[in-house]
Amino acid sequence: MKWIQSNREITEFIAETGCQGRMVTYRDLVCETRQTLEQLMPWMGLEFEPSQINYWEHEHHGTQKPDYDWIKNSGDAYFDLRWQTELPPIEQQQITADRDVHIYLDEVGLGIGAEGLTRL
């Protein structure tokens, strides 16, 4: 599975090079935004600013998919769980039951459930 291979390579690179790394899940960023940013920003040598939480209130430069304008216009964070309705149930089951997925997630202290990847 490409996802496991890519994430293993990242994990191994961090371990082999001694680089500092932080595990941040999508759920961390969306459901615990303030706490996550308050921890990450100083770690990256940057200052946390409360305005970072409501990023949609500010103009951004770069690429943005037109299909996601509704998120910016909603004025609120959105925990996107579309994978539960757009990914066929058989594929969801294959992923959540995959032995290699569980081995890797256990190694990095994560689990997989109804809200996607979560900390154990």
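The values are calculated or read from the model by the stated rules, or taken from the named source; none is laboratory data. Just so it is clear, the model here is predicted, and its values are computed rather than measured. Heads up, the Cβs are rebuilt from the backbone with ideal geometry, glycines too, and the neighbour counts pull from every protein chain shown.
Please indicate, with yes or no, whether at least one residue in the stretch 33-55 is modelled with pLDDT under 70 and either exposed (fewer than 14 other Cβ atoms within 10 Å of the Cβ) or in contact with a Ser or Thr (Cβ under 7 Å, 6 or more places away or on another chain) (or both).
Of the stretch 33-55, the ones modelled with pLDDT under 70 are 55.
Next, from what is left, pick out any that are either exposed (fewer than 14 other Cβ atoms within 10 Å of the Cβ) or in contact with a Ser or Thr (Cβ under 7 Å, 6 or more places away or on another chain) (or both): 55.
Yes: the stretch 33-55 contains one or more residues that are modelled with pLDDT under 70 and either exposed (fewer than 14 other Cβ atoms within 10 Å of the Cβ) or in contact with a Ser or Thr (Cβ under 7 Å, 6 or more places away or on another chain) (or both).
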Self-check item: Residue satisfying all of: in the stretch 96-120; in contact (Cβ under 8 Å) with a residue 60 or more places away in the chain and among the hydrophobic types (A, V, I, L, M, F, W, C); nearest to THR11 (Cα to Cα) among these
Solution: VAL108
Quiz prompt | Every residue from the stretch 103-118 that is in a strand (DSSP E or B), surrounded by 11 or more Cβ atoms within 10 Å (Cβ to Cβ) and not β-branched (Val, Ile, Thr) | solution = LEU110, GLY111, GLY116, LEU117
Quiz item: Which residue, of ARG27, ARG8, is at pLDDT 90 or above, in contact with a strand residue (DSSP E or B) (Cβ under 8 Å, 6 or more places away or on another chain) and in a helix (DSSP H, G or I)?
Solution: ARG27
